[in-house]
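Have a look at the structure below, then the notes.
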Amino acid sequence: AIEKMVAEVAAALPNHVSDVAAATAAVLKREDSMPTGLDHGIAVPHGRDPSVTGIAGAVAVVDNSASAGGCIADYETIDNSQLQIIVLTLANSEAQTPYLQLMSYISRALRVDDGYVRLVKCKTADEMRKFFRGVK
């Protein structure tokens, strides 16, 4: 899932992610040091690499239905819940402050007023954008 999401971010934002392999390796290295699966089926994989300009990311709502091939079983969450949401972020390795601010924002968005429940209910990218833009 991480490899696919990084590749899609790079394809959509080639000026922000110039080296897909390096960006993917940064996220996977971070996952190896400490998995980013939270509770309520949320995963927030992230990585920093010099090949990333600024900050880029993507959100995926995981289809755990049998017709979609079932759940992403190898993604560990704190409460052992089934993975529902992946919020991937990539940032330049030099820009620590904006990166930390973004991680704090994402955490707040998912936790305040059961944000994770509202995000899972989003059916379109537009609805997801509105969700994140509406976080105070």
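Points to keep in mind about this one:
- Selection over region 93-135 of residues that are among the basic types (Lys, Arg) and either in contact with a His (Cβ under 8 Å, 6 or more places away or on another chain) or touching a residue at least 12 places away in the same chain (Cβ under 8 Å) (or both) gives a count of 2.
- Candidates in region 22-53 are the residues that are of a type in the set (D, E, K, R) and in a helix (DSSP H, G or I); of these, the one that is surrounded by the most Cβ atoms within 10 Å (Cβ to Cβ) is 31.
- Only listed residue being more than 26 Å from residue 130 (Cα to Cα) and among the charged types (D, E, K, R), chosen from 63, 49: 49
- Answer residue from region 88-101, given it is at pLDDT 85 or above and closer than 17 Å to residue 44 by Cβ and is surrounded by the most Cβ atoms within 10 Å (Cβ to Cβ) among those: 90
- In region 64-75, the count of residues that are in a helix (DSSP H, G or I) and either at pLDDT 85 or above or under 21 Å from residue 7 (Cα atoms) (or both) is one or more.
- Taking the criterion of being among the polar types (S, T, N, Q) and under 16 Å from residue 48 (Cβ atoms), the residues of region 78-99 that qualify are 89, 92, 93, 96, 97.
The values are calculated or read from the model by the stated rules, or taken from the named source; none is laboratory data. The model shown is predicted, which means the values in this text are computed figures rather than measured ones. Cβ atoms come from the backbone with ideal geometry, glycine included; neighbour counts cover every protein chain shown.
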